[in-house]
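One structure is given here, and the rest of the page talks about it.
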Amino acid sequence: MIPAWNEESRLLAAVRGGDRSAAEELVDRTYSSVFASLFRLCGDRELAADLTQETYRKAWEALSGFSGGSQFFTWLYRIGYTTFLNHIRRPRLMKSLDDENAPELPDSAPSPEDVLSSSEESERLRNAVLTLSEDLRFTVTAHFWGGLAVKEIASIEGITTVAIRKRLHKAFTLLEEVLGAAVEEEGR
Amino acid sequence: MTHNRKADLQRKLAMASVATPPDGLADRIKNDIPNDLRFAPESARKQMRQSAMFNLRIAASIVLLVSSLYFALHLFSRAGSNANAVATFHEPASAPAPMRPANVTLPNIPPQPGSIHAQQAADLPTLPGAPPSSIGSVQPAMRLSEKKREEAVGMTAGTPAYVDTVEAPTAAPEPMIVTNAAPSPGRVAEMEGFAPERAKSDLATTAKTSAAPSIASAQAAGALAPPPPAAAPRMAEARDAAPARNFVAIEESIARGETPRNGDLDVIVRHFAAPESVPSGVRVELEASSAPLDASKRLLRVSVDAATSNGEDITLTFGDAVESHHALTGTLAPNETALYEIEFKRTATPDQMIASVKVGGVTRTIRGNDLHTWNSASTRMKRASLAAAWARTLQSRSRADAIVVRAREAHIDDLADLAERVERNR
C-alpha cells in the first residue's frame, strides 16, 4: 500500500518539479492509510475524511520543508495526528472524555457499530487510548493505528527505540487499568 | 501485566477496525492540490530572508528600547544632579554668610614668638579646612578671606602682613577686655552688605568705642556702628524676629542635607540657649564649666537677656586666672549668648577671677571656685555648649552620636531629636 522508498522518492522529486499527476499518485497511494489512522483516532468517518483532507492541504503547503529523511506516510501521519489534536482541542467541538455531564454533540455520521467489528469494545479501547498522556498516546496510535514501525516513531520523536518500547509497555499497563476499571463499572 | 494480557491488548489495538474512506475523498484531496507545486528555491530563500529580517527587526527594536531606557534614565539622573547644583548655586544665603568675620575670633593674647598656639577648640570638631564648594566656586573673594582668617588663626608667631583682621600684639595683655565695640564705618558698610541679618540684629545695640583689644575681636563680638536714631526701633523689631525665622530656615536646610554656613552656628546656639523667660529688665548670666565632650577644656558663657534694648554697654573682662581665651560663637549683645573657650594659668587659684561682665549698672563676676563640671552646669550652659558642638559637627560633616548621647543624658531632647534626624538623613 505504501509506495516503495525509491518509487516514493521519484514521485516526490516529480511533485517538487511541478508534476501534478505525481502528486495525485502520492494521494492515491497514501490517503486510505491516512484516513484509517485518523478514523481510529476520532472514531468518526466524516470527521476523519475532513481531517484527511486538511492533512493533505497542510502537506502541500509544507512540502518544501520535507527533507525526505523518513517515509512520506510517516511525515503525513505526523501532520494528520497534529491536525486531529488541533481539532479536539478546539473548545467548540471538543468533548471531554471524563466529563459525564458534558452535552452530547449530535453526530450525523454512522455509528461506530456500523464500521467496527466489535464496536463497543473498540470504542472503549479508543477512549482509553485517548486518555493517555500525549507521548504515550502518539506512540500507541502511530504504532498500532498508523502502522509505523518503532524505529520510525523513534525517528519522529527524536528518541531511541528502547524509549519507544518503554512507552508502549507503560501504555499497555495504563490501558489495562483503564479498561479493567471500565469493565468493573459496567458489571455493577 | 501478564504476557497473555499484553498480547491480548496488542491484538485488540491492532485489530481496530479498518474503515474504508468515503467515496469521493480522493477527489476532494486531489482538488486541493495546488496548481503550482514547483519547489521554488528563490521563494524559499525569500521566505527565509523575510523571516530573518523579521527577527532582525525584533532584535533591533529590543536593542533600541533598552538603549532609549538607559539614556532616558541617564539623562534624568543628570538632570536631577544639575537641578541640585543649580539649587545650591542659587542658595540665597549661602554667599553672604561666610563673609561674616564674627565667627572666627582671634586671641586677645598674642602668641609667644616661636610657639604654636592653635585656637581651635580641641573638644569641638574643627572648622572645615575649605569652604563649601558652592561658596568657593561662586565667591572666590570670600574664599580668600576665609583663607586669610584660617592662616591668622594658625599662625605660629607674629602677624602676617596681609591679614587685615589680625590685631597687633599689645604690650600689656592684661586685663583682657572684650566689648561690643564698633569697627570703622567702612567695615560696617562691608558687613552690612554681606550679613544683613546680623547687622540688623546688632545695629540696635549701642557700641562702645575702642576699648576693644582688636578689630578682630570686635568683629567677633558682632559690634557695628550705631544706626540712625530713627531706624533703631525698626531694627530692634527685626532683630527680635530674626532668630526664630533663621533657625527654621536653617533647620529646613539641614533637613535637606545641606551643610550649615558659618553664620548658622550663632543662630543655632542662640536658639538652644534662649532663656526660658525674658526678664522685665536686664539679666546677665556668666558661667564657666567644662566642655561637654572634653572635661579638660573649659567654656565660658555670657548671656545678656533684655526685654528691650536701651543701648547699654556690655563689657567682658577676663580675670587673673585666665591664661588665654577665644570666642567660639555668639556676640556680646542683648539677647545673645556668647561662648568662649578659656585656658587657665597653671598658677591660678580658686579665688582668682575668671571673668567679669558689666552691662550698664549690672556686673557679674565669677572666680575659680565658681567653675562647674559640665554635669553640674546650668541647663542653659549645657544647651548652649552642646548646640555649639553640634553646629560644628554639621559644618565639618562629622558624626554627632556623642552629642546625641550627651543631650539625652541632659534631657535636652529637642537637640537630641534634631541631631538624630540629621544623622539619619546623611
Practice item. Check residue B:300 against each of (1) surrounded by fewer than 21 Cβ atoms within 10 Å (Cβ to Cβ); (2) part of a strand (DSSP E or B) and name the one condition it does not meet. Key: (1)
Exercise for review: Tally the residues that are crowded, with 19+ Cβ neighbours inside 10 Å and either touching a residue at least 60 places away in the same chain (Cβ under 8 Å) or more than 7 Å from every other protein chain (Cβ to nearest Cβ) (or both), restricting the search to segment A:9-21.
Suggested key: 2
Study note, to complete from the structure: Here the residues within segment B:386-397 that are assigned to a helix (DSSP H, G or I) and over 14 Å from residue B:271 (Cβ atoms) are B:389, B:392, B:393, B:395, B:396
Exercise for review: Identify the residue in segment A:145-178 that is surrounded by fewer than 19 Cβ atoms within 10 Å (Cβ to Cβ) and of a type in the set (Asp, Glu) and, among all such residues, is nearest to the other protein chains (Cβ to nearest Cβ).
Suggested key: A:176
Revision key, fill the gap. Result of the Cβ filter at 9 Å on segment A:113-125, keeping first residues that are more than 7 Å from chain B (Cβ to nearest Cβ) and farther than 19 Å from residue B:10 by Cβ and partners that are assigned to a helix (DSSP H, G or I) and at pLDDT 60 or above, at least 6 apart or interchain, is A:113/A:119; A:113/A:120; A:113/A:123; A:114/A:45
Point to revise | Verdict on residue B:268 being at pLDDT 80 or above and either closer than 21 Å to residue B:395 by Cα or surrounded by fewer than 21 Cβ atoms within 10 Å (Cβ to Cβ) (or both) | key: yes
Practice item. Please enumerate the residues belonging to segment B:21-52 that are modelled with pLDDT of 85 or more, more than 7 Å from chain A (Cβ to nearest Cβ) and either under 30 Å from residue A:172 (Cα atoms) or outside any helix (DSSP H, G or I) (or both). Key: B:23, B:24
**Study point:** Qualifying residues in segment A:22-37 (those that are touching a residue at least 24 places away in the same chain (Cβ under 8 Å) and facing chain B (nearest Cβ under 7 Å)) - the one farthest from residue A:142 (Cα to Cα)
**Key:** A:23
Review point. Within segment B:317-375, which residues are assigned to a loop (DSSP other than H, G, I, E, B) and under 29 Å from residue B:263 (Cβ atoms)?
Key: B:330, B:331, B:332, B:333, B:334, B:335, B:360, B:374
Review point. Hey, does segment A:45-62 have a residue that's farther than 17 Å from residue B:33 by Cβ, surrounded by 21 or more Cβ atoms within 10 Å (Cβ to Cβ) and not aliphatic (A, V, I, L, M)?
Key: yes
Review point. If you take the residues of segment A:38-65 that are closer than 23 Å to residue A:22 by Cα and of a type in the set (Gly, Ala, Ser), which of them is farthest from the other protein chains (Cβ to nearest Cβ)?
Key: A:62
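The values are calculated or read from the model by the stated rules, or taken from the named source; none is laboratory data. Keep in mind that what you see is a predicted model, and the values were worked out from it rather than measured. Glycine also receives a Cβ, built like all others from the backbone with ideal geometry; neighbour counts cover every protein chain displayed.
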